[in-house]
Each structure stands twice: as C-alpha cells, then as structure tokens.
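Here the structure comes first, spelled out in structure tokens, and everything after it is commentary.
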Amino acid sequence: MATPTHLNSCSSTTFTTSSSFNNDTHHLSSRFVIVPRKPHSFTWVSHSQTLLRIHSKTHFHLKSSNGHPLNTVSLQDGSAGTPLPKKHVESRGKEGSLPFPESDNSESTLSITVVGASGDLAKKKIFPALFALYYEDFLPKNFVVFGQYNSEEHFVELNKKMKEKEAGKLSNRLFYLSVPPNIFVDVVRCASLRASSENGWMRVIVEKPFGRDSESSGELTRCLKQYLTEDQIFRIDHYLGKELVENLSVLRFSNLVFEPLWSRNYIRNVQLIFSEDFGIEGRGGYFDNYGIIRDIMQNHLLQILALFAMETPVSLDAEDIRNEKVKVLRSMRPLQLEDVVVGQYKGHSKGGKSYPAYTDDPTVPKDSLTATFAAAALFINNARWDGVPFLMKAGKALHTKRAEIRVQFRHVPGNLYKRKFGTDLDKATNELVLRVQPDEAIYLKINNKVPGLGMRLDRSDLNLLYRARYPREIPDAYERLLLDAIEGERRLFIRSDELDAAWTLFTPLLNELEEKKIVPELYPYGSRGPVGAHYLAANHNVRWGDLSGEDS
C-alpha cells in the first residue's frame, strides 16, 4: 500500500510527485524473466522507461480467469531470480471459457501501463496476475505491457511507443495506478492528456485508499472526473474478486433452500470477520494515518455486507447489481459510538518469544491512538433486515488469520430437543459459514443424533471444502479483476455513489473517535482481541462464532 499524503489540488497543472515516488520509479530498466511451459511466439522489448511484451497466438479466451503465474521474477539488477513455488506452475483448467477466432480481435491491440511498476503490489500481485492471464490464453492476441512513468514528458514518450506498437490498429489502453494516492490525479491527467487512445477505449484502475473521509473521497472523485468519465474509472477492491465473495450471490440466488431464509424471519445475526496473525511490520507510515476501520471495515467488509444483504437484482448486469448495493448502504442506520469497540495490540511474550507492541514499531508515533482492532454493530433499516445485527470485526496481531462470513439462524420455535442441549440454546443454533480465506470452504452447522441406543445430540458440519472438491488451484483475485477491467465488466468494481454512501456511514464515527481522542483498549499480541468486543456482541444477544473453538 502506498504511503498516504494529502491529495493534490484538482487545479494543478504540473506533474508533481513525492520524493519517495520519484525514488521508487528511477529503476526504469527493470526486466522480467519468463519461462513458459507451452510454446508461444512472443518478444520482449526493453527500453529505459518501458517494459514491453508483444506476442501472437492462434486464439484467446475472455470469459474466465483460471490462469496462474509460472516463473516470473522481477530483476532489479539484471541477475537471475528464484522461480515461483511449484504450486504456481500447475496449469489450471479453463471451464466456462469462450474461444474467440483470431479474426475477431486481429485489428486491435491492448496496452497495459503499470504506473509504480517497481513497488511491492506490482511485483507481488499485478505482474504475476498478468502473466497468469497470458499463460492460460485469457489476454488478447496483441498486447503490450509498459511500466515506470513519472513525468508528463514520459507520458508523451509513452504515447509514441504505444503508437509504434499499435501500428495503426484499434488501440485499447489500460492504466493501473499502483502509486501513492496524492498523485492519482496527476497521473490521470498526464495519461488522459498525453497518452489517451484516439480510436479505442481508455480505462484506469485505481487502488485504495479512495480518500480518508467523505470530503477527501468526494474531492478525489471530482478531480478524476475532470479527465475521465465514471465508466473509465475502475476502483479496485481485491476482496470482491475472491472466489467465496463472488460465489455469495450464486449460493443465494441459485439455490432455493437459501433465498427464502435470507431475512429477519430466520436469520438472528450476521458476522463479518477479518483477522490477521501479524502486526503492521514496518507499514506504520501508511497504517497509522488510516487505521483498521478505514483500511478494512469501510471497504472490504462493508462491500461484502452490501453483497450479502442486497435485494435480488433485475439482472446480472453490473449496474443492476451495484444499484442494489447502493440501496443497502443508504438504508443503514448511522453508526453510534456505543456500538463500536476499538483496540490496539500491546507487547506480549509467549513460549520464550517476545512480540512487539504497535507503538514499538519505529514508523509509529509512541503516543499513537490508531486502532489496530475494531468491532462494530451495524443495522439496516429496511423490511428484510430490520432489527438484525450485522457485526463486523477486524484486527491485526490476533490469534489466527481468517476472513469469513457467519450467518447464525434463529432458534427452532418449540424445539422438542432443547433439553438435550441444556441451558445453552446457542449450541442448537444452525450456522452457515463462508470461509473466504484461508482454506476456502462453505459449511452448515446442523444438529444430528449420535449413532447409538441413547438419544444424544451432536453439532455436525455439512462441509464443502474447496481444496477437496475442486483440486485445481483457485485464481488470485487480481487475475479476475484485471480480466474484468480488460473486458469492461464493472460488476466487481466500486461506483462513485457506492463510495459516497460508504463514507457517509463511517465518516461521522471516525471524526468522533478522533475529536474525542478515544483511547483504544489494549490487547496482547496473538490474543483473541479486546474484551470489549465480547461485551459489544453480548449487548446485542450475539456470541462471536469464531471464538467457539469448534473450527478455529
């Protein structure tokens, strides 16, 4: 994630960059080593400020993203690198892909420019995802990859190089902004004015953070729209590209057993849980300016909530789906301070090993009040969800790494077997769990009789474990989202009014936390989080499902 600073004014007319970005983009001769498993005709063309690849194939596929990276290694010094792990080499199938004849796209080219190509995001996610799509034939016949442009003059040069490679064909251009947010507008202005396509489409992928409150987010959107239309802006939230999140609407709308239960009549509460078992580890410069609420809850978890709770869309068209998500966000009750708990991890020793506190990190101020943990109870004021608590929980340096959606159903009225569960009726509650990561799975907790002569009940799982049912490796979220951006599919990207509604919900709470200087509750590194989160859940008659010990 890029280091945050304040957004430059929309009226700026020169391409100004922070020193850190200039330093980041001086390595203009970076190259990539490719070791393909299957024969293709392709060429690498290296320039001092350009990274290019052009290749031709007999056909290509554009309706799925089951590709996966092979041996692609960034070499800053030109020396040989270490290949990717063997699991990344295994080819995955292309179920559902649609072949297009060569003539369909023979007169068009795709130019992909990664601005900030030497950063961690580009090296760890973007370039491996691009190679995965290339390797499994999901990219068009003629495509070129460029990188490392940090001035208006460089974009003029970029445009010339693009035209050389496009050779008069229909030119489609995609720009990926893997740069600090304070220069989003400058890069977009340079790309739009100096390197825009003259006869095809131009699209820009923008990484979060999209501002840090309603005002800054709105200003960023207004500035971007001086040079781009809304349809050209692809605000990426990689969690929307994860397999289990995309499967959420399939599970609900294509299975009769679930949709009738998807309401306040049968669902007691919904839990959206994100936890990491490590701290910030040197990312304090970014994290301390944003905190866990802005970094995780306002985008990743809130987007999942909107997908979960939305009404049935008119169609699978991107605008129909995003319209329903916006309705959910606009129906949400304003967040109150009493419905939120914030925490910060402290130093802890366990098994002879010492773990640092958040404020021990040299990039974090010693008196920082930034939350590394937050839990919140949210409510949707509509007929379907009135009174149902949606509990969010996100934290760093916790006891485990996981991201999941937990749906706890209501108790069975007049349950004939309630005496078999004693006084803890929660043990008799059915629960649907969608584990987003790690070890993707969907399982339903049910009550079952233990075999034998007596009447003893047990809580069992109906379990769909993805690695057992689907042995092929699941595509990375960036593969799916990059392919969607190339195709112009906007369903998994965030529209400006979605962003406005999300910030409208969280900005008053964030302002109150900062103005009142709320001190976060301390919790030990590697623990289950602050005690206050348990009291918050209890206030709404909820027990956190991930703390039961049954599926930790």
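The values are calculated or read from the model by the stated rules, or taken from the named source; none is laboratory data. Note that the structure is predicted; figures quoted are calculated from it, not measured. Methodologically, a virtual Cβ is constructed for each residue, glycine included, from the backbone with ideal geometry; neighbour enumeration extends over all protein chains shown. These accessible areas exclude ligands, DNA and RNA; they are computed on the full protein's heavy atoms, side chains included. Shrake-Rupley method; radii C 1.70, N 1.55, O 1.52, S 1.80 Å.
Observations
- Cβ-Cβ under 6 Å pairs, at least 6 apart or on other chains, the range 350-377 side closer than 24 Å to Trp544 by Cβ, far side outside any loop (DSSP other than H, G, I, E, B) and of a type in the set (Phe, Trp, Tyr): Tyr358/Tyr345; Thr372/Tyr345; Thr372/Tyr358
- Among the residues examined, Val206 qualifies as within 17 Å of the chain's Cα centre (by Cα), without any contact (Cβ under 8 Å) to a residue 40 or more places away in the chain and over 30 Å from Leu432 (Cα atoms).
- Qualifying residue in the range 103-116 (condition: in contact with a Leu (Cβ under 9 Å, 6 or more places away or on another chain), acidic (Asp, Glu) and modelled with pLDDT under 90): yes
- Residue count for the range 177-207 satisfying the condition of being surrounded by fewer than 20 Cβ atoms within 10 Å (Cβ to Cβ), more than 15 Å from Lys225 (Cβ to Cβ) and not small (Gly, Ala, Ser): 5.
Per-residue answers, yes or no, for (1) closer than 22 Å to Gly116 by Cα; (2) in contact with a helix residue (DSSP H, G or I) (Cβ under 7 Å, 6 or more places away or on another chain):
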position: Leu158; (1), (2): yes, no
position: Ile183; (1), (2): yes, yes
position: Met202; (1), (2): yes, yes
position: Glu215; (1), (2): no, no
position: Glu219; (1), (2): no, no
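- Residue count for the range 119-136, restricted to those that are assigned to a loop (DSSP other than H, G, I, E, B) and open to solvent by less than 10 Å² (accessible area, probe 1.4 Å): 1.
- Figure legend. Inter-residue proximity from the range 190-201: first residues in contact (Cβ under 8 Å) with a residue 24 or more places away in the chain, second residues assigned to a loop (DSSP other than H, G, I, E, B), beta-carbon distance below 6 Å, spacing 6+ or different chains. Indicated pairs: Cys190/Phe15; Ser192/Tyr227.
- The combined condition, being farther than 23 Å from Pro389 by Cα, in contact (Cβ under 8 Å) with a residue 40 or more places away in the chain and surrounded by fewer than 23 Cβ atoms within 10 Å (Cβ to Cβ), is fulfilled by Leu316.
- Odd one out for Phe373 among (1) within 27 Å of the chain's Cα centre (by Cα); (2) open to solvent by 10 Å² or more (accessible area, probe 1.4 Å); (3) over 27 Å from Thr312 (Cβ atoms): (2)
- Within the range 403-414, the set of residues being open to solvent by 10 Å² or more (accessible area, probe 1.4 Å) and within 28 Å of Lys350 (Cβ to Cβ) is empty.
- In the range 338-356, the residue that is farthest from Glu521 (Cα to Cα) out of those that are open to solvent by 40 Å² or more (accessible area, probe 1.4 Å) and not in a loop (DSSP other than H, G, I, E, B) is Lys353.
- Scanning the range 324-335 for residues that are assigned to a loop (DSSP other than H, G, I, E, B) and free of Cβ contacts under 8 Å to residues at least 60 places away in the same chain, we see that the one that is most open to solvent (accessible area, probe 1.4 Å) is Arg333.
- Residue check for Glu164: open to solvent by 50 Å² or more (accessible area, probe 1.4 Å) and modelled with pLDDT of 85 or more: yes
- Residue in the range 224-236 that is in contact with a Cys (Cβ under 8 Å, 6 or more places away or on another chain) and modelled with pLDDT of 90 or more present: yes
- Any hit, the range 460-480, residues being open to solvent by 60 Å² or more (accessible area, probe 1.4 Å), among the charged types (D, E, K, R), part of a strand (DSSP E or B) and at pLDDT below 85: no
- When residues of the range 431-459 are limited to those that are more than 17 Å from Leu272 (Cβ to Cβ) and polar (S, T, N, Q), the one least open to solvent (accessible area, probe 1.4 Å): Asn447
- Complete set of residues in the range 208-259 that are surrounded by fewer than 16 Cβ atoms within 10 Å (Cβ to Cβ), among the polar types (S, T, N, Q) and under 24 Å from Thr504 (Cβ atoms): Gln226, Thr229
- Any hit, the range 290-305, residues being among the acidic types (Asp, Glu), assigned to a loop (DSSP other than H, G, I, E, B) and under 23 Å from the mean Cα position of the chain (by Cα): no
- For first residues located in the range 153-182 and without any contact (Cβ under 8 Å) to a residue 12 or more places away in the chain and farther than 13 Å from Asn199 by Cα, partners that are open to solvent by 30 Å² or more (accessible area, probe 1.4 Å) and not in a strand (DSSP E or B) and lie 6+ apart or on another chain with Cβ distances below 8 Å do not occur.
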